[in-house]
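Novice: There's a structure below that I have some questions on.
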Amino acid sequence: MDARAPGREAAAPQLAAPQLDDDLEVSAAPKISAHAYYVLGFLFVLSTFNFLDRQLLSILMEPIRAELGLSDTVLGLLSGFAFALFYATLGIPIARLADQYSRRNIIAIAAALWSVMTAISGFAQGLVSLLLPRIGVGVGQAGFSPAAYSLIADYFHPARRATALAIYAAGVSVGLLLGLAGGGWINHAFGWRMAFIVIGLPGVLLAFIFYLTAREPIRGLLDGKVAPAAATPVMVSLRHLWGLKTFRWLAIGSGVHAICIYGILQWTPSYLIRSFALDTREVGLWLGIIVGISGLAGTLIGGFTSDWLTRRDRRWYLLMPTFAIAVSIPFYLGSFLAIAPVMAFFLFFVPWFCGNLLSGPCLAVIQVLAPVHMRAMAGAFYLLVLNLVGLGAGPLVVGAASDLLHPFFGKDALRWALSGVTMLEFFVVYAFLRASRTVRDETPA
């Protein structure tokens, strides 16, 4: 950190009060450094633990339900809205800090907090004592992704940005693999409480190492611009971003897509356990491998491919995700209506691969749309819509639908609830097509 500005990034040139069109040209962008790749690799690891800690509850819901006597609706509320409310809303004020202060410091504090809260979940004795640390995980994770998006954008040139953001986002798939497989195995061997403790604590050490070794780059340097000295007011940023048709339709489509994804992600392990009488170790291992491999491949291929395609036409930022989502729908339905577990696992591979193709291009287009002094805010606003709508509603909608359908379908109620939520993906296809119509006009040449 710069000794002249403790707690903040290296000083940028002082400019007048921020205006949306005020960015100034600076010298040619430097080459991507080895330290940039180090920071990206470390953020990938933190992203892995971020999603591992967040989704660990999904593989543990059945033993928690049995021990604590919770309904599907309550578990859906606990795993969805209770987490998302704090995760999404706190992202906005923390992102404003990240657009002005050290993103490295914010990331380190956030990682330490969510890791401690995950470990504390292992000591829960009832609904309230499980709810409070879940809220704590949401508070900690609220500060992570917006700051990480902005940091990566200032380490990687726009021509490689979708690939870099895809590598960061690939940590989600690795986190899912480790969370499902590792969480299922630890639960089988030692119980669900130990799973929370063992998986939560390593993040504290990682957060400390990141704080000691990562450096804060100058904002906008690789775009040939510098950010204003003063932070843009929150409402000015939000009005500007929501006024962009591309951002608006992308956020709406992604929010509805997240209802499907988070609902499916949270409840698929329970569906497999109930419908096919599998245990957490079997479901965690096979679902973890499938989700991890297909998600990792989809995320990386989506980033590489979109960087290549958008050299010719920027609409591919959004057209590729549109096609991928359309392809995923019949495979989801096939997996949820399968008559054997092997068929359910096999068919799940394709839609999860397709669903992860959109991570890199969507994150990249948001960072391109936003002025350099609004990048963390743009990421937080996108996550606000995506998570408050998707993460908040997805698990709750599926859980409530399962309870409503149970008198009619018994143990198969969950498979029909999951099939129903998949139908929302048709709207997502429409929203992404609308966003693709304006992306060329609203992004710089």
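Novice: So for segment 37-179, considering every pair of alpha-carbon atoms, how many percent are separated by more than 20 Å?
Specialist: Details: 4920 of 10153 pairs.
For segment 37-179, the share of Cα pairs beyond 20 Å comes to 48 percent.
Novice: OK, next. Starting from the amide H of Gly122, placed 1.01 Å from N in the peptide plane, find each other amide H under 5 Å away whose residue is 5 or more places distant or on another chain.
Specialist: Under 5 Å from the amide H of Gly122: Ile197.
Novice: If you don't mind, there's one more thing I want to ask. Nearest 10 degrees, 0 to 90: what angle lies between the long axis of helix 158-169 and the longest principal axis of the chain (Cα atoms)?
Specialist: Value to nearest ten degrees: 30.
Novice: Another question, if that's okay. Under a Cβ-Cβ cut-off of 12 Å, what is the net charge of the residues other than Ala338 that fall near it, where Lys and Arg count +1 and Asp and Glu count -1?
Specialist: Details: positive: Arg415; negative: Asp412.
Charge balance near Ala338 sits at 0.
Novice: Please work out how much length the chain gains when fully extended from Ile301 to Lys31, using 0.36 nm per residue of separation minus the C-alpha to C-alpha distance, in nm with one decimal. Intermediate results must be reported in sequence, preceding the final value.
Specialist: On the way: separation 270, 0.36 × 270 = 97.20 nm, distance 2.36 nm.
My answer for the length gained is 94.8 nm.
Novice: Which value in Å is the Kirkwood Rh of segment 376-445 over different Cα pairs? Please report the intermediate quantities before stating the final value.
Specialist: Details: mean 1/r = 0.0685 Å⁻¹.
For segment 376-445, inverting the mean 1/r across all distinct Cα pairs yields 14.6 Å.
Novice: Could you tell me the relative contact order of the chain? Use alpha-carbon pairs under 8 Å, at least six residues apart, and round to a whole percent.
Specialist: Values: 876 pairs, mean separation 118.9, N = 445.
Relative contact order here is 27 percent.
Novice: Where nothing but the Cβ of Lys and Arg (+1) and of Asp and Glu (-1) is charged, how large is the charge dipole of segment 277-361 around its Cα centre, in debye to the nearest 20?
Specialist: Working: 5 positive and 4 negative charges, 75 e Å.
Charge dipole, segment 277-361, about its Cα centre: 360 debye, nearest 20.
Novice: Rank these for me by crowding, His257, His188, going from fewest to most other beta carbons within 10 Å. Mind dumping the intermediate values first?
Specialist: Values: His257 27, His188 17.
In order of increasing Cβ crowding within 10 Å: His188, His257.
Novice: Take Leu384, Leu77, Leu396 and order them by how many other Cβ atoms sit within 10 Å, fewest up front. Show your work: numbers first, answer last.
Specialist: Working: Leu384 23, Leu77 20, Leu396 26.
The most exposed by this proxy come first: Leu77, Leu384, Leu396.
Novice: Starting from 0.36 nm per residue, how many nanometres of slack lie between Asp279 and Ala159 once their C-alpha separation is accounted for? Please report the intermediate quantities before stating the final value.
Specialist: On the way: separation 120, 0.36 × 120 = 43.20 nm, distance 4.56 nm.
Extra length from Asp279 to Ala159 when fully extended: 38.6 nm.
Read-outs throughout are calculated quantities, based only on the coordinates presented, and are distinct from any laboratory measurement. Every value quoted in this text rests on a predicted model; they were computed, and no experiment measured them. Don't worry about glycine lacking a Cβ; one is built from the backbone with ideal geometry, like all the others, and counts go over all protein chains shown.
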